[in-house]
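Working notes, structure below.
The values are calculated or read from the model by the stated rules, or taken from the named source; none is laboratory data. The structure displayed is predicted, hence computed values, not measured ones. Neighbour counts run over all protein chains shown; Cβ positions are idealised from the backbone, glycine included.
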Amino acid sequence: MAVVTLKPSKQGRYYRLPMERDYEAVWKAQKRIKEILDEWERNGRKDLYPVPNEPLPSPPGKNQKTKEAYYNYIPLQLYGFESWSHLFTARQQLALVTLTRLVREYLPTVGITLGSVMALVVNRYVDYNSANCRWISHGEFVGNTFTRQALPIVWDFAEVPPSSEATGGILGALDWVAEVIASLLISTAGQIQLADAAEYPLPDETAHVWFTDPPYYDAVPYADLSDFFFVWLKRALPGHPLLHDPFDPSNQMTPKVKEIIDTLQLLRGVPKKKAKQLGLKVKDKSFYEHRIATAFAEGRRVLYEGGIGAVVFAHKTTEGWEALLSGIIRGGWTITASWPIATEREARLRAQESAALATSVHLILRPRPEDAPVGDWEDVLRELPRRVREWMERLQGEGIRGADLVFACIGPALEIFSRYSRVETAEGTEVTLDKYLEKVWEVVGRIALEQVLGTEAAGGEGTAPPTLEEDARLTALFLWTLQSTELNEGNNTLKEANEEYEEEDEWDEEEEPKRKKKGGLSLPFDVVRRFAQPLGIHLPIWEGRIIETKKGIVRLLSIKERAKILFGREDAEAFAERLEKATQKGLQLELFPAREAGESRPRSRRRIRVLSEEALQQARGATTLDRVHVAMLLQATGQTNALRSLIASELERGPEFLRLANALSALYPRGCEEKRLIDAMLLAVPK
C-alpha cells in the first residue's frame, strides 16, 4: 500500500508509505457508512438502500459449470463480489452516498433538467471511483473503471479524494460534462423516449433520417454493464421517467428481456440445450437475426419516402457482420455505401496489437422498392470484383488500412446483392447471403494479396497457380488484415501505459509471463479462417510452424520462435540471446555489426553456429518465407558471409525472395522487431 501526494508549487507525484492517519481515515469511512446504513434500517425507510445492494447478474440454479460460464458476463463474481456495492470501497461508498443525496436535495430547487446534469456529473465521477480503477504507473494517474466493455478483476487499484484536482476528482467530472454541453450544437429541443426498437411508437413515413448504432451481436453485455452506473443514477434521481423497465415492472434494473444480443456466445462452454434445461434465458444467433431484422423493418416503415438510413457498426468478426447484414437485408433495405469514420482511440486497451477497429463503419441505406427485380447470380459475380477493387483503391487513398478496409468494403459489395428482392442461379435456386459473403471475403482477400505480392505471386483470378507458397500468402494476408488506420501512428506513451493491463480478466500468474515473452501479432480465428479458406490456404498445416491458435485467437509466430523451427532448439536459443543483445544495442539496424574490441565471436553462453554451405543448401530447399526469415536471423546475429551467400543464391534463383521481403517490409508494423530486421537485411542486397 502506498500514498501518492502532490506538493504545492512543485511538479510531479510523490510516494510514501501509509501512516496511522491514513488507516484512521479508512476506519472513519467504514464507521460512517455503517452509521448511515444502520440509521436507514432503524427508521424503516421505504426508499432505496443508500448503497447499491442489488446483486450482480447471475443465472438461476446451482450448477457450477454454468456459473463459471456465466462469469464471462461479470467475472468479478469469481472473486467474491456479490452485489454492486462490493465494487466500491467504504470511502468511495461514503463519497457517492453523499453526492447522490445532495443531488436529491437540490432537485426541488434546480429542477429536473439541471438535476439530471448534476446526476451525470456524479456518474462520470463513479467511473473513476471504484475498486476497479487502475493506477497507470507510466502516466502517474488513475485509470477509469471502463477502459473497455468489461468488468474484470484488477490486481492493484487506486482511489482519489473527491476534492482532488487530479484525475478522478469530482471537479474533473464537472469539467468534462460542462465541456460536452458547451460543444452541443442542437438548436431545437428533441424528444427522448424509452421504447422497443422492434416496435416503434411512430406512424408510417414520418422520419426523414433513420440513424442507429445497433448492439454488436455477442461482443458486449450492454444492459448488465450499464447497471454499474444505473444503480447510482436511480439513487440520485428517484422516480425519473427514464429510469425504469417499461417491459418488466418487476425488474428494478436496466431492461433486459427485449435486449437484442447473442447471450449464448457470452455463456461460453454451455450448450444451448443444457442452458435451457437449467432455466437460463438464452438468446442465440437466430434470436439476434430475427429481432434485428424486425427492428430494421420497423425503421424502414417509419422512414419518409426518399429518406435515408445509416447504421454504425464496428464489430471485428465476420460472424457479427453477417448477423447484422442478414437483418438489414431481411428488413427491406438496400446498402448503397459504407464510410469508415475514425471514432476509436488508438491507445485504448482493445487496440493493442490486435485487429480492433480504429474506425466505425457507417453503412448508408435506402429502402428497397417493393417491386425490386430478381438478380442473376452470374451478373452479380461479374460485378463484385470490379466494385471491391474500386472501393479498396479509393479507401486506401484516404488512409484506410487492414481490418478497417476489409469491413468498409462490405457496403459497396452488399449494394450489388441487396438491390434485388432475391438473387438466383441459372437453375432458379436462391443464393443465400452466407454464400454471397463467402465470395465477398474471397474477392477482398485475393485483391489484397495481388496488391501486396503482385498478381503472379498471389495467384489472381484467371492466372496460373501462385508462385509464392501458402505460408508466404498466409503471412502477407495476416499482416495486411492486421493493419489499421492508426496502427503505425499510435500514441506510444499511452500504449506503454496500457500494455501491462491488457486482457486482465484472463490473467494467469504462470501464463502471463509466457504470453508476453512470446510476442507476435494476433487476429481473431474467425477473421483468419474467412480469408484463408476461400483462397485455398489450409490453416492446420501451418499450426506450430507459422501460426499458433489458442482461445479463438490466431497468433503469428515471432522471428525468435521461427528460429527454433528453422535451426533447432540449441541454435535458436543462442540466436535469441544474440538477438536480444543486438536489439538492446541497436545493432540490428546496421548492415554488418562491428564486433567490440577483442571480441572474436558474439559474446554468449552458447556459440552460434556459422552456417555451412550444406546448411545453406538445406535452407534453399525450404519455402520462400523460410529463406527470408533465415536471412533476417543471419543479419541479426552478424553472420555476414552466410547472409551474402544466401542473398546471392536467391538473386540467381528468381525474383520471389526480394518480392516477398519487400512486401513484408511494407506490411510489418513500424517499430516491431521483424520490421527492423527485414529492413536491415534488405540493405545487404546489392543495388
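Total residues in segment 650-671 satisfying the condition of being of a type outside the set (A, V, I, L, M) and part of a helix (DSSP H, G or I): the figure is 8. Candidates A189, A223: the one that is small (G, A, S) and touching a Pro at 6+ places or on another chain (Cβ under 9 Å) is A223. Here D204 fits the description: at pLDDT 90 or above and not aromatic (F, W, Y). Within segment 282-305, residues that are in a loop (DSSP other than H, G, I, E, B) sit with their Cβ atoms under 9 Å from residues that are of a type in the set (A, V, I, L, M, F, W, C), at 6+ positions apart or across chains, in these pairs: V282/L264; V282/L267; V282/V270; V282/A275; K283/I260; K283/I261; K283/L264; D284/L264.
So S421 clears everything in (1) of a type in the set (S, T, Y); (2) surrounded by fewer than 17 Cβ atoms within 10 Å (Cβ to Cβ); (3) modelled with pLDDT under 90 except one condition, right? Which one? Single failed check for S421: (3).
Of the residues making up segment 122-144, those that are surrounded by 21 or more Cβ atoms within 10 Å (Cβ to Cβ), touching a residue at least 40 places away in the same chain (Cβ under 8 Å) and either within 21 Å of L94 (Cβ to Cβ) or aromatic (F, W, Y) (or both) are V122, Y125, V126, Y128, N129, S130, N132. Would you confirm, using the coordinates I've provided, whether D227 is assigned to a loop (DSSP other than H, G, I, E, B) and either modelled with pLDDT of 90 or more or outside the structural domain of P75 (by TED's automatic domain parsing) (or both)? Spelling it out, it is not the case that D227 is assigned to a loop (DSSP other than H, G, I, E, B) and either modelled with pLDDT of 90 or more or outside the structural domain of P75 (by TED's automatic domain parsing) (or both). Of the residues that make up segment 530-539, is at least one farther than 22 Å from L677 by Cβ, outside any helix (DSSP H, G or I) and modelled with pLDDT of 85 or more? Yes, because at least one residue in segment 530-539 is farther than 22 Å from L677 by Cβ, outside any helix (DSSP H, G or I) and modelled with pLDDT of 85 or more.
Here is the figure for segment 196-224: residues that are assigned to a loop (DSSP other than H, G, I, E, B) and either farther than 29 Å from L151 by Cα or out of contact with any strand residue (DSSP E or B) (no Cβ under 8 Å at 6 or more places or on another chain) (or both) total 16.
The one condition from (1) of a type outside the set (A, V, I, L, M); (2) part of a loop (DSSP other than H, G, I, E, B); (3) without any contact (Cβ under 8 Å) to a residue 12 or more places away in the chain that G399 does not meet is (3).
The number of residues in segment 257-275 that are within 18 Å of I292 (Cα to Cα), surrounded by 20 or more Cβ atoms within 10 Å (Cβ to Cβ) and at pLDDT below 85 comes to 4. Residue count for segment 169-185, restricted to those that are at pLDDT below 90 and not in a helix (DSSP H, G or I): 2. Cβ-Cβ distances below 6 Å connect the following pairs, each with a first residue in segment 166-183 that is of a type in the set (G, A, S), a second residue that is assigned to a loop (DSSP other than H, G, I, E, B), and a separation of six or more residues or different chains: G168/Y128; G168/V160; G169/V160.
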